[in-house]
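The values are calculated or read from the model by the stated rules, or taken from the named source; none is laboratory data. Predicted, not measured: the structure shown is a model, and the values here were computed from it. Don't worry about glycine lacking a Cβ; one is built from the backbone with ideal geometry, like all the others, and counts go over all protein chains shown.
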Amino acid sequence: MYSLKIRKLLIFLLIIGWGLTGAFFVFKKHNGQSPKRKTSIETEIKAIDTGSLLNQAMILLQNRSDLKAEEMFEEILSYEPDNLDALWGKGEVLRRRRDFLKAGEIFKQILKQNPNHGSALTSLAYLEYNNDSFKEAIALTEKALKIQNISQQNKALAYLMLGAINSRLSQKGGFFSKIKYGTKIKGYFIRAYETDPSLSEVHVALGSFYLLAPAIAGGNLAKAIKELELAVEICPNFATANARLAQAYLIKVDLLKYNFYLERAKELDPGNEVVKELENNK
């Protein structure tokens, strides 16, 4: 066997080897080179990035910068295909673009995975309303309002939807329908306003009511202009807000402002329904 001197030398070398090995792994860990730690950091960074990107995309969507928002939603979905909020954002852009079929498929896909997705419920309700399927639209809207933790924004949009549905039912029916449904419109719009006054859509709805309703039912041109100007101030890129404001100034016989806001609305969305209405009535 080895002499005592040799055994001491071997033990010394083993100690040095263990020390160097430990130092190597400590060095890698502190420099972010540990495979497990590196994977963890990459996952964390990706999660933070997609979360931040989603917030930015939602702000752009609210400001009607749809093309930029759409790019961000697509980028998020490339990392997280099951991100329902990003998927809804993509569907909402399609809805605004009037690609109702694809938008509807996306909203239904979201609701299969999460039946209480408030944004998908209100967006799908709009599609049903647009198709004159009022019972379905009301059912979806009421379901959204029953969600315990529904956001203030979605709650306000749900009230707007109920106001719009009652408006359409009032227009389509006879005298008794106008009484039954017409008297509810302003109430729903006021509730939407009280729920989230930061939304441009809220002021467009209320301003449109004041603009189009007869005086006996609460119509008031001055109030209409005030609400619609605020809607445009909150969201300058909202075509309907600009078009309704143009309509208000036409009634006021302020043709300079009428032409200004009409041209802006046409630039933003040439296919806008209010723009078409104003163009056809020239």
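Per-structure values
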quantity	calculated
Matching residues, segment 190-217, being charged (D, E, K, R) and touching a residue at least 40 places away in the same chain (Cβ under 8 Å)	Asp196, Glu201
Hey, Ser123 within 25 Å of Phe73 (Cα to Cα), loosely packed, with under 14 Cβ neighbours inside 10 Å, of a type in the set (S, T, N, Q) and modelled with pLDDT of 95 or more or not	no
Residues being part of a helix (DSSP H, G or I) and within 19 Å of Ser170 (Cβ to Cβ) - total across segment 125-141	11
Residue in segment 253-260 that is under 27 Å from the mean Cα position of the chain (by Cα), surrounded by 13 or more Cβ atoms within 10 Å (Cβ to Cβ) and assigned to a helix (DSSP H, G or I) present	no
Filter result (in contact with a helix residue (DSSP H, G or I) (Cβ under 6 Å, 6 or more places away or on another chain), assigned to a helix (DSSP H, G or I) and closer than 15 Å to Asn154 by Cα) within segment 176-200	Tyr188, Phe189, Arg191, Ala192, Tyr193, Thr195, Ser200
Pair list, Cβ < 7 Å and 6+ apart or interchain, from segment 92-105 residues that are more than 17 Å from Ser133 (Cα to Cα) to residues that are among the small types (Gly, Ala, Ser) and part of a helix (DSSP H, G or I)	Glu92/Ser123; Val93/Ala69; Leu94/Ala103
Residue under evaluation Glu142, criteria (1) among the acidic types (Asp, Glu); (2) under 17 Å from the mean Cα position of the chain (by Cα); (3) within 25 Å of Ala164 (Cβ to Cβ), criterion not met	(2)
Per-region count, segment 207-224, residues farther than 14 Å from Asn242 by Cα and either under 29 Å from the mean Cα position of the chain (by Cα) or crowded, with 20+ Cβ neighbours inside 10 Å (or both)	5
Boolean, Gly207 is out of contact with any Ser or Thr (no Cβ under 8 Å at 6 or more places or on another chain), in a loop (DSSP other than H, G, I, E, B) and either charged (D, E, K, R) or over 22 Å from Gly118 (Cα atoms) (or both)	no
Condition met for Tyr159 (part of a helix (DSSP H, G or I), closer than 21 Å to Gln62 by Cα, touching a Lys or Arg at 6+ places or on another chain (Cβ under 9 Å) and among the aromatic types (Phe, Trp, Tyr))	yes
Residues that are of a type outside the set (A, V, I, L, M) and under 12 Å from the mean Cα position of the chain (by Cα), drawn from segment 81-116	Asp85, Trp88, Gly89, Lys90, Gly91, Glu92, Arg95, Arg96
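This table checks each residue for (1) within 27 Å of Ile185 (Cβ to Cβ); (2) not aliphatic (A, V, I, L, M).
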position	(1), (2)
Ser78	no, yes
Ala86	no, no
Arg97	no, yes
Lys108	no, yes
Asn130	yes, yes
Phe134	yes, yes
Asn149	no, yes
Lys155	yes, yes
Gly163	yes, yes
